[in-house]
Amino acid sequence: MTTGTPREQLRDLISELAVVRGRVTLASGKEADYYVDLRRITLHHRAAPLVGHLMLDALEEAGYGPADIDAVGGLTLGADPVAASLLHAAASRGLDLDAFVVRKESKSHGLQRRVEGPDVAGRTVVAVEDTSTTGGSVLTAVEALREAGANVVAVAVIVDRDTGARERIEAEGLPYLSLYSLADLGL
């Protein structure tokens, strides 16, 4: 059993379960000697609740807690379990926070929505992601959210790879929050 603060516990679980060594090509097209597969964390029975509570704490400390925002979510698939963890963490504290999923493209049938879940039009939201390299995925979500009428006020990730995402997102005028950097993970 992992000991320490919740932050230390999650950091240890990420290091133990999510860091995969070996040459990989990232979604950005860049290559790396390791891969941080955060779905191994966001879908893990011990880690997912830690993700939700630590992300919720970070959002609240930055002024983007459930009293300030209406919903969280991002581009499917990496953001989905992060948003669900946040929704459950807020609910466990008696707080209201919705979650949403941004499709990579609109459905061609049904309601043909690109943003699924409670309607985001006119609502204040934070775009979330598990990890970010260049910021491309989360900025795709931000664009879709703005098109759907949402007021996007920040971006939050579990792990920032320190490879330009922060700068790109902040250049778009959005605060960028991350729980961990690669240095925090010893990478």
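Helix-derived [θ] at 222 nm for the chain: sum -39500 (n - 2.57) over DSSP H runs of at least 4, divide by residue count, nearest 500?
Taken over the chain, the calculation gives -9500 deg cm²/dmol.
Give the calculated FRET efficiency between ALA27 and ASP57 to the nearest 0.05, with a Förster radius of 22 Å applied to their Cβ-Cβ distance.
The computed FRET efficiency comes out at 0.20.
With charges set only on the Cβ (+1 for Lys and Arg, -1 for Asp and Glu), what does the dipole of the chain come to about its Cα centre, in debye to the nearest 20?
540 debye
Specify the residue with the greatest mean-square fluctuation among VAL51, VAL20, VAL82, computed from a Gaussian network of the chain linking alpha-carbon atoms under 10 Å apart.
VAL20
Sort TYR35, TYR64, TYR180 by heavy-atom solvent-accessible area, probe 1.4 angstrom, most to least.
Ranked list, largest accessible area first: TYR35, TYR64, TYR180.
Could you tell me which of rounded, prolate or oblate describes the range 133-187, using a ≥ b ≥ c as the square roots of the eigenvalues of the alpha-carbon gyration tensor, with rounded for a/c under 1.5 and, failing that, prolate when a/b is larger than b/c and oblate otherwise?
prolate
Ordering GLU8, GLU147 by accessible area with a probe of 1.4 Å, largest first, what comes out?
GLU147, GLU8
Can you put LYS30, LYS104 in order of accessible area, largest first, using a 1.4 Å probe?
Solvent-accessible surface, decreasing: LYS104, LYS30.
Would the range 4-93 count as rounded, prolate or oblate if I go by the C-alpha gyration tensor, calling it rounded below 1.5 in a/c and otherwise prolate when a/b exceeds b/c, oblate otherwise?
In terms of gyration-tensor shape, prolate.
Share of antiparallel DSSP beta bridges in the range 68-187, in percent to the nearest 5? Mind showing how you got there, number by number?
Working: 2 of 23 bridges.
Approximately 10 percent, going by the DSSP bridge assignments.
How much solvent-accessible surface does LEU43 expose, in Å² to the nearest 10, with a 1.4 Å probe and all protein chains in place?
Accessible area of LEU43: about 130 Å².
Just to be sure I understand, if you calculate percent of Cα pairs over 29 Å apart for this structure, which of (1) 30; (2) 46; (3) 17 do you get?
Computed from the coordinates, percent of Cα pairs over 29 Å apart corresponds to (3).
Tell me whether the range 43-140 comes out rounded, prolate or oblate; compute the Cα gyration tensor, take square roots of the eigenvalues as a ≥ b ≥ c, and use a/c under 1.5 as the rounded threshold.
Prolate, because a/c is 1.5 or more and a/b exceeds b/c.
The values are calculated or read from the model by the stated rules, or taken from the named source; none is laboratory data. Please read these numbers as outputs of a predicted model, since none were measured by experiment. Positions of Cβ are backbone-derived with ideal geometry, glycine not excepted, and every protein chain shown enters the neighbour counts. Surface accessibility is based on the protein's heavy atoms, side chains included, excluding ligands, DNA and RNA. Shrake-Rupley method; radii C 1.70, N 1.55, O 1.52, S 1.80 Å.
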